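None of the figures in this text is laboratory data; all of them are computed from the coordinates on show. Remember, predicted model here, so these are calculated numbers, not experimental data. So basically every Cβ, Gly included, is an ideal-geometry build from the backbone, and we count neighbours across all protein chains shown.
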């Protein structure tokens, strides 16, 4: 059974705003191909202020789909349509105190239903901008379609390439066989053959490993180089990282942009630490800069 | 009310009598069965006795035809890989679309390596077409591997007849019988089945113990090589406590096999009848007239299985579902898809599987709570309105899929 948060259970066992809104003037109907769940969101919008007066949901789906639908209606009630349009699936997941990676698509379905309902109110037709595939990397919630597209677009050849471009496979590494299968398939479609020993397509992170002990200045420069090499992957997700301080073998970093507050931030930091250790050839601990204060206090004390 | 466990096809409670016979093998007779001293001198005897207990349950001719393994999955992998290694010139395998992943994944891998895999389809009741099967049998086929009973629906395949047909064509026959052993009587010496897989934890023995039955004379190549254990056919120090436990579990299963097919079956039938009578728009999947006595798989239309399971769990009832969401996979159960169950029903299938530990009063408890659970979820469903599905559900609600 999934490890659902209490909040998910609360919204599942006692859903809010279940059922269709009477005299609704906006409707969004979407489904998630990745598990067959589907949701109809109905809204009653005040025509003058564009404030959402009432919201109701009808969901065919699992526990987290029902909880996502329920919490979504709670979030958007009282918002204007413009405000509601800015609600992200991460907002829905956060309100639920997190969802298992396999279930994040339930929150995506909620956001899409909202977008569809807003489009419906405005007399537009909502078009989905992304297709969802089988979940491959459970650490970073990357699906097969995303990996395939990146392999096509960037002429990727190895698992390492895929990790550099999508983060997929950068965590526990259990999905590397599945990533290889995708590479095999896409490369075959392009008339090429997958070679597990091929050199990475480009080597943004190819920084020579260190052999001799480093001075503090050398260490900081080296860490900056590694962070620069990881930056494109983070920025692709709308995030970034900055180095704040290096004390001994501990690097303090700030996760910014979309990385800030992201559930995956801890995984990302672990990935950065792994990469740093590989390049530096020494133990490096990466810690969020917010932890720095505690350390200083201890030293003062 | 005590919690109710109706998920016995997933795994079972270890029988107390099984635990009792195992304990001495942890605390006293813990020697390596291969050693010559008093910490081990009873182990070989214990293993021999267990082998005979397994032999009695499945009715095979020799106790040396029993190879102890670590689980049903190991037995399945061993059987398939042995058959192809022993017959390197044969490049085809016959199986079905509704096998357990322990079979299908191995076949998928072999397909990548160049093998031709014939996955026989089933009809809407989950049955095979034996005429089509006959046509597939040829001297190119290394192995037929067909489950004895389906884990989701309980549907029984005519494996004895299919083994005869394979044998007549000179083809080796394996059956994954992890769901069938202990639930239906069998007499392997009267069949042409060459290999058969058993899993201990499906019949009240512990997890981590299995059996591969290997008919004497069947060409065989071990999966695990090393020491001389199991006559060199499965190396690795014997899991003596679990083997002895499995032996006891087989003895008990044989004792209770009539109980399973009368009283346990009556519980299943009462639950099935009660649910399908009380709840509109639900139906039993699989072959109603040729099933395991302990299993019923019911599709509740227009609602989703995981939601049902969560509400059942809250009511203290354990069951399982063929919905995609419970497994984190893309699709509803491959068994439901193979039977062409519509998708609004396939996602709402719930499997109740009984054991001799269940009782009629538990059946009544499920019958009491289930109608409300289904009604509660249907109230949330876009396919449902008032007391009935919306007219033409697929058209009335046609979401944009992404």
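Please give the average number of partner chain Cβ atoms lying within 10 Å of the Cβ of each residue in B:346-353, rounded to a whole number. Before the final figure, lay out each step's value.
Working: counts 1, 7, 1, 0, 0, 0, 0, 0.
So the per-residue partner count for this stretch is 1.
Entry note, chain B: relative contact order of 21 percent, from Cα contacts under 8 Å with a spacing of 6+ residues. Among B:48, B:207, B:183, determine the one that fluctuates most according to a GNM of chain B built with springs between C-alpha atoms less than 10 Å apart. Maximum among the listed residues: B:48. For the pair region B:193-231 / region B:107-138, the C-alpha centres are spaced 24 Å from each other.
Which of rounded, prolate or oblate describes the protein assembly as shown when judged by the alpha-carbon gyration tensor and an a/c cut-off of 1.5? Oblate, since a/c reaches 1.5 and b/c is not below a/b. Axis of helix B:265-278 versus longest Cα principal axis of chain B: the two differ by about 20°, to the nearest ten degrees. Counting, for every residue in B:394-400, the Cβ atoms of other protein chains within 10 Å of its Cβ and taking the mean gives 5. Of all beta bridges that DSSP places with both ends in the protein assembly as shown, some 65 percent have antiparallel geometry. Using a cutoff of 8 angstrom between alpha carbon atoms and counting only pairs six or more residues apart, the relative contact order for region B:184-339 works out to 13 percent. Within region B:171-263, antiparallel bridges make up roughly 55 percent of the DSSP beta bridges whose residues both belong there.
Estimate the FRET efficiency between residue B:123 and residue B:401 by the formula 1/(1 + (r/R0)^6), using the beta-carbon distance for r and 25 Å for R0, to the nearest 0.05.
Numbers: r = 28 Å, r/R0 = 1.12.
Plugging the Cβ-Cβ distance into 1/(1 + (r/R0)^6) gives 0.35.
Ranked highest first by the average count of other Cβ atoms within 10 Å around their residues, in what order do B:148-156, B:282-290 fall?
Working: B:148-156: 26.1, B:282-290: 18.7.
Answer by packing, highest mean first, reads B:148-156, B:282-290.
Among DSSP beta bridges lying fully in region B:16-255, give the percent that are antiparallel, nearest 5. Present the calculation step by step, with values, prior to reporting the outcome.
Details: 10 of 25 bridges.
Antiparallel: roughly 40 percent of the beta bridges in region B:16-255.
Between rounded, prolate and oblate, where does region B:1-89 land on the alpha carbon gyration tensor, with a ≥ b ≥ c its root eigenvalues, rounded for a/c under 1.5, else prolate if a/b exceeds b/c? The shape class here is oblate.
All Cα-Cα separations within chain A were binned at 10 Å from zero, giving a P(r) of 6, 23, 26, 23, 16, 6, 1, 0, each value a whole percent of the pairs. Convex hull volume per residue, computed on the Cα atoms of region A:6-121, equals 81 Å³.
Counting other beta carbons within 10 Å of each Cβ, put B:307, B:34 in order, fewest first. Mind showing how you got there, number by number?
Numbers: B:307 29, B:34 13.
Starting with the residue having the fewest Cβ neighbours, the order is B:34, B:307.
Shielding value for B:305-318 is 3, the average number of Cβ atoms from other chains within 10 Å of each residue's Cβ.
Separation of region A:55-87 and region A:268-289, taken as the distance between their Cα centroids, equals 39 angstrom. Each label was represented as a point 7 Å from its Cα along the Cα-to-Cβ direction; for residue A:290 and residue A:270 these points are 1.8 nm apart. For chain B, a Kirkwood hydrodynamic radius built from all Cα pairs, placed in the Stokes-Einstein relation at 20 °C and 1.002 mPa s, yields a translational diffusion coefficient of 96 µm²/s. Alpha-carbon geometry of region B:16-255: the Rg and the Dmax are 17.9, 59 Å, given in that order.
GNM remark for chain A: springs join alpha carbons under 10 Å apart, and the peak mean-square fluctuation among A:162, A:253, A:244 falls on A:244.
The listed peptides B:214-224, B:70-80, ordered by packing as a protection proxy, come out as B:70-80, B:214-224 (highest mean of other Cβ atoms within 10 Å first). Remark: relative contact order (region B:271-402) = 28 percent; criterion is Cα-Cα distance under 8 angstrom and separation of 6 or more residues. All alpha carbon pair distances within region B:257-392 were sorted into 10 Å bins beginning at 0; the resulting P(r) in whole percents reads 12, 43, 35, 9, 1.
Between residue B:343 and residue A:125, the modelled labels are 2.0 nm apart [label points 7 Å from Cα along Cα→Cβ].
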